[in-house]
Amino acid sequence: MIVNEKHPEDVHTLRGVMRGSSVAVHERDAYELWLAMLPPRTPRGVVLIDPPYEQTDERARITATLAAAHRKWRMA
């Protein structure tokens, strides 16, 4: 499992909670990470998005990134 958080304080908490597990905790821009990690090694996966809607263009970025991710993760 890969989790991502942009806020440093929350990343610190996540890393503490996930210590000793097989979870990878990233502190990156979610839109960049999402595309960088696709496609996964296995043919199936789940992406859970919890946007903060802190920026006015958040909905447009989600839509554009989802479309780009779909192109990268297309199943035959």
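Counting Lys +1, Arg +1, Asp -1, Glu -1, what net charge surrounds G16 among other residues with beta carbon under 14 Å of its beta carbon?
-2
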- Item | Segment D10-L33, length gained on full extension (0.36 nm per residue, minus Cα span) | 6.6 nm
- Amide H neighbours of H26 at under 5 Å, excluding residues fewer than 5 places away on the same chain, with H built from the backbone geometry, are V3, N4, E5
- Item | Options Y53, V11, A68, ranked by Cα towards positive dipole end of the chain, top entry (Cβ charges) | A68
- Task: For the stretch 2-72, build the charge dipole from Cβ charges (+1 Lys, Arg; -1 Asp, Glu) around the Cα centre, then report which of G20, P43, I2 sits farthest towards its positive end.
- Result: P43
- Restricting attention to the chain, which trypsin sites (Lys or Arg not before Pro) occupy a DSSP loop and are surrounded by at most 12 other Cβ atoms within 10 Å? R19, R41, R44, R74
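No lab work stands behind these numbers, since they all come straight from the coordinates. Since the structure is predicted, the reported quantities are computational estimates derived from the model, not experimental observations. When we count neighbours, we look across all protein chains shown, and the Cβ atoms used for this are built from the backbone with ideal geometry, even at glycine.
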